[in-house]
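See structure below.
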Amino acid sequence: MTIQTINTTPYDDQKPGTSGLRKRVKVYQQENYVENYLQAIFDSLEDFQGKTLVIGGDGRFYNDVAIQTAIRMAAANGFGKVIVGQEGLLSTPAASHLIRHYKAFGGLVLSASHNPGGPDGDFGIKYNIGNGGPAPEKITDAVFARSKVIESYKIANERDVELGRLGIQNSAGMIVEVVDPVADYAALMETLFDFPAIEALFASGFRMTFDAMHAITGPYAHAILEGRLGAPVGTVVNGKPLPDFGGGHPDPNLVYCKDMFDLLMTPEGPDFGAASDGDGDRNLIIGKNRFVTPSDSLALLAANAHLAPGYKGGIAGIARSMPTSAAADRVAEKLGIEMHETPTGWKFFGNLLDAGRVTICGEESAGTGSSHVREKDGLWAVLLWLNIVAVRKQSVDEIVREHWATYGRNYYTRHDYEEVDAGIASGLVDDLRAKLPGLVGQNFGDDLQVAYADDFTYHDPVDGSTSAKQGIRIGFTDGSRIVLRLSGTGTVGATLRLYLENYEAADGRHDLETQSALEELIELADQLSGLKQRTGRQEPSVIT
Ligand code: VG1
Ligand code: CO
């Protein structure tokens with residue numbers, strides 16, 4: 001008998017966060033840690049016997065080990081087939097697409113996204129459901145509950161699958177198909193965007209640099225940008241996925257992509273710069289002399305999506321996570337379409353997308369995507385930008401300025417305080433929460449009056465579920481906001497995220513430096529929360 005049932009003891013820390021279970025590699029390397037978690041997932045699902053599971057990851061350290069375990073356990077638990085990316089690689093959006101395309105029961109995405117990799121870095125496992133999107137809280141809660149009482153797991157006593165060899169293999173009677181990670185995804189992109197127009201843009205001398213950060217997007221960007229769209233070889237840099245991302249931090253923001261930002265600010269620099277994160281679902285967009293904040297990018301993509309063939313009939317609606325700026329709301333209002341505000345994390349967009357109520361979704365953390373998959377999609381955002389630039393025949397800077405002149409500008413920044421003592425961080429949030437009811441109606445400075453102050457509760461309009469305590473919001477009558485929440489993806493201590501936003505009307509000043517435009521709010525946030533004093537930090541760890 002090749003199927004074994006192995007006794008195990010539960011871990012008490014397998015609680016999925018914003019996006020799956022992320023832990024230090026060292027934690028994952030503990031005996032049966034991966035096995036327990038996978039079995040807890042399988043035990044929380046129903047009716048998958050004989051069905052298909054998609055498996056892939058971002059190539060980070062420990063992917064290879066965990067994937068072989070996942071395949072053996074899928075076989076032992078009764079899946080009929082596993083589809084796995086060659087060498088175990090699949091970007092998160094490509095995994096989402098494969099689940100949908102092949103009508104799989106679900107999928108496992110092995111990644112810790114923007115968190116660093118390597119033996120001392122992070123690893124993660126996320127389960128996605130049949131719509132291609134991250135499992136909703138109903139499932140993640142069940143997985144955590146199960147993980148706390150698990151007593152055994154099932155695994156096939158089988159040799160490793162050869163992940164380098166394309167085609168069909170077999171594991172304990174289950175079919176394993178190793179597929180090209182890029183082909184189906186690239187074909188999908190071709191249906192959405194005006195490839196000839198983008199090709200013509202590159203042919204006319206338009207120059208771009210794409211930093212794949214030694215993470216999963218490299219093979220996709222090489223194949224699509226250089227292969228199909230004719231961008232010169234060398235357009236994609238750091239294009240080879242490495243288990244430790246070359247020692248870097250695969251988070252595409254102005255801290256970790258500072259060199260690219262600097263290059264784009266020089267006259268000799270290219271016209272367009274972009275980057276993606278560890279698992280390929282985030283995007284950074286920088287035009288010559290113009291960084292586009294992710295919140296603005298969401299609004300701009302929504303306002304211009306009709307220029308791409310895949311969205312030429314218009315979009316049904318827009319959704320953004322609560323901390324994301326309200327720039328997109330103004331676009332939705334003008335287009336007369338639905339606008340939704342959800343908690344942080346892509347899992348909250350799934351129902352709205354499935355119900356056809358929204359087409360484009362986005363988060364301030366550099367994630368944008370659409371109904372083409374059920375994850376955010378870094379390369380998708382880059383291609384939509386290129387499509388828009390190609391059709392409008394304007395620079396990124398011109399497009400952004402015109403947008404502000406039409407809709408006004410939402411100045412926006414996020415300040416992260418990383419690796420804060422968990423007790424201090426939660427105490428700070430609790431104390432601020434307790435103050436909220438008394439804040440409404442209060443005045444601060446010359447012109448700030450609190451319009452509302454609450455801890456965001458989301459009511460899903462599709463399935464009626466409720467998610468409470470999703471972040472503190474203090475909104476002012478002039479549209480300014482302070483938002484504070486604890487990160488759900490960190491692996492050490494707590495990360496406090498402070499989000500600040502104000503609004504300048506269409507005829508207002510759009511050329512201020514962001515941090516100075518938000519200075520008053522930054523100070524007020526500190527005053528209300530006691531952040532600096534309580535954490536002992538004078539500066540945020542990261543400003544985006
Ligand atoms: C962060 C971002 C959130 C994003 C999540 C997963 O979560 O803020 O917007 O959805 O990461 O993205 P948190 O809980 O740390 O704020 V990824 O690219 O890391 O899968
Ligand atoms: Co990611």
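Run the simple label-point estimate for THR5 and ASP184 please: 7 Å along Cα→C-beta, distance reported in nm.
3.3
How far apart, in nm, are two points set 7 Å out from the Cα along the Cα-to-Cβ line at ASP421 and at LYS148?
Calculated label separation equals 2.7 nm.
With 31 Å as the limit, write out which pairs from LYS138/LYS312; LYS288/LYS347; LYS81/LYS347; LYS15/LYS103; LYS81/LYS148 have Cα-Cα distances beyond it, or answer none.
LYS138/LYS312; LYS288/LYS347
One quarter of the convex hull surface, Cα atoms only: what value does that give for region 185-407 in nm²?
11.1
To the nearest 0.05, how large is the calculated FRET efficiency for ASP262 and ASP507 if R₀ is 30 Å and r is the Cβ-Cβ distance?
My answer for the efficiency is 0.40.
Looking at region 3-180 only, what percent of DSSP beta bridges run antiparallel? Nearest 5 please.
If I count the DSSP bridges inside region 3-180, around 55 percent turn out antiparallel.
How long is the gain from ASP141 to GLU338 if the chain were fully straight, where each residue apart is worth 0.36 nm and the alpha carbon distance is subtracted? Write down the numbers at each step before the final one.
On the way: separation 197, 0.36 × 197 = 70.92 nm, distance 2.92 nm.
Difference between extended and current length: 68.0 nm.
Restricting to the chain, what percent of DSSP beta bridges are antiparallel, rounded to 5?
Taking every DSSP beta bridge with both residues in the chain, the antiparallel ones total about 70 percent.
Rounded to whole Å, give me the distance from the Cα center of region 247-294 to that of region 144-207.
Each part's Cα centre sits 26 Å from the other's.
For region 409-543, which whole-number percentage of the solvent-accessible area (1.4 Å probe, protein heavy atoms only) is attributable to carbon and sulfur atoms?
45
Can you list the lysines whose alpha carbon is less than 24 Å from that of LYS435, not counting same-chain residues fewer than 8 positions off?
Here the lysines satisfying the reach criterion relative to LYS435 are LYS469, LYS532.
On full extension of the chain, what length is gained from LYS469 through ASP431, given 0.36 nm per residue of separation minus the C-alpha to C-alpha distance?
Working: separation 38, 0.36 × 38 = 13.68 nm, distance 1.36 nm.
The span from LYS469 to ASP431 would gain 12.3 nm if fully extended.
Please list, by residue number, everything in region 30-51 whose backbone N is under 20 Å from a paramagnetic label point 7 Å out along Cα→Cβ of ASN157.
32, 35-36
In nm, to one decimal, how far is the modelled label at GLN394 from the one at HIS306, with both set 7 Å along Cα→Cβ?
1.5
Roughly how many Å² is the accessible area per residue of the chain, as a whole number, for a 1.4 Å probe?
Here the residues of the chain average 37 Å² of exposed surface.
Taking N as the number of residues in the chain, what is its alpha-carbon radius of gyration divided by 2.2 N^0.38 Å?
Details: Rg = 22.9 Å, N = 544, 2.2 N^0.38 = 24.1 Å.
Computed over Cα atoms of the chain, the ratio equals 0.95.
Within region 272-338, what whole-number % of the accessible surface is contributed by carbon and sulfur, with the 1.4 Å probe and all protein chains included in the calculation?
49
The values are calculated or read from the model by the stated rules, or taken from the named source; none is laboratory data. These numbers were taken from a predicted model, which means no experiment stands behind them. A quick note on method: Cβ atoms are made from the backbone with ideal geometry, for glycine too, and the neighbour counts reach across all protein chains shown. Note: areas computed on protein heavy atoms with side chains; ligands, DNA, RNA excluded. Shrake-Rupley method; radii C 1.70, N 1.55, O 1.52, S 1.80 Å.
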